[in-house]
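Just so it is clear, none of the values below were taken in a lab; they were calculated from the coordinates. Values in this document were obtained by computation on a predicted structure and should not be read as measured data. Neighbour counts run over all protein chains shown; Cβ positions are idealised from the backbone, glycine included.
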Amino acid sequence: MRRRIIFTIITTVFITALLIAIPLLGYSNYGIRQKAKAFAATEAQNDAQVVDYRIKARLPVDKESLRPYLEPQRLTVVTLPTGETLTFGAPPQKSSARGTGKSGGVTVVVTEPIDSIV
């Protein structure tokens, strides 16, 4: 009788913990993804402003001149007002977040691995 009561209590506690933990894990995963998207969008906006500034200041805007400003661990695609596209980095192998930034006529799309943000 005593074993049955203890087993029932332990089983109830375990099931309750699972019922609470599963939604919390889903919610925390959602929060991490939202944070990653916001971070990628901010990075894309910053990169777009750098490129736009270089265009307005009549500084060179090519792969070599932009390389110091853009991180190689992520995929960055810069579309200039002329329609020319410059690509930096490689696409992430794992889950990633994508953000877009615009400044002037420049559009930058950043695809960043989530594990680098968290």
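One chain, two ends: residue 69 and residue 6. Fully extended at 0.36 nm per residue, the span grows by 16.5 nm beyond their Cα-Cα distance. By the rule of a C-alpha distance below 23 Å, with chain neighbours fewer than 8 residues away ignored, the lysines paired with residue 35 are 94, 102. Per residue, the convex hull spanned by the alpha carbons of the chain comes to 99 Å³. Excluding same-chain neighbours fewer than eight residues apart, the aspartates and glutamates reachable from residue 63 by a Cα-Cα span under 20 Å are 43, 47, 52, 71, 84, 112. Taking 0.36 nm per residue of separation and subtracting the Cα-Cα distance, full extension of the segment from residue 38 to residue 14 would add 5.0 nm. Per-residue ellipticity at 222 nm, computed for the chain from helices alone with -39500 (n - 2.57) per DSSP H run of at least four residues, works out to -18000 deg cm²/dmol. Between residue 53 and residue 24, the FRET efficiency estimated from the beta carbon spacing at R0 = 35 angstrom works out to 0.20. Simple point charges give the picture: +1 on the Cβ of Lys and Arg, -1 on the Cβ of Asp and Glu, and for segment 2-116 a dipole about the Cα centre of about 740 debye.
Pair-distance distribution of segment 55-118: all C-alpha pairs, bin width 10 Å, starting at 0; shares per bin in whole percent are 20, 52, 23, 5.
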